[in-house]
Amino acid sequence: MLLHVVAGLIQDDTGRLLACQRPAGKHLAGKWEFPGGKVEEGESIDAALVRELDEELGIQVAPGASLTPVDHDYGRGPIRLIPMLCQVISGTPVAREHEALRWCSVAELESLEWAEADLPILAEWCALRRSRGEETA
């Protein structure tokens, strides 16, 4: 059964994107990812994103446009990772479930060791930024 997972792409006022590092002892420990989590049965994608980012980071967000979903299997069953742009309405991100948080420019994002399912999302976001001339230092 395909598990639906939301991933929030959170940008700050300077155009940097938030990257989150998976904690030691967890699957994919040390890898970087976009924050988010499982969509619960009967829950909308937007509601799941709002709930997950509140739980993981202590922030309230407004979901925006979605990017291309990514189907992947880490050997635990297939997932569909649904990336969504979102804007912070209130709060400051805190690493409640991650080892570290980092606000990154395009170049910094591309230098991190990402979880495989997040790589196509990162590539799409970076390409969008560059096509709009919005690349940050």
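Readers should treat all values here as calculations from the given coordinates under stated rules, not as data from a laboratory. None of these values were measured; they are calculated from a predicted model.
If the chain linking ARG132 and GLU113 were pulled fully straight, counting 0.36 nm for each residue of separation and taking away their Cα-Cα distance, it would gain 4.3 nm. Computed on region 3-131, with alpha-carbon pairs under 8 angstrom and 6+ residues apart, the relative contact order is 32 percent.
Only bridges whose two residues both fall in region 3-131 count here: according to DSSP, what percent of them are antiparallel, nearest 5? List each step's numbers first, then the result.
Numbers: 20 of 29 bridges.
If we restrict to bridges inside region 3-131, about 70 percent are antiparallel.
When the Gaussian network model of the chain links Cα atoms closer than 10 Å, the mean-square fluctuations of HIS27, HIS98, HIS72 top out at HIS27.
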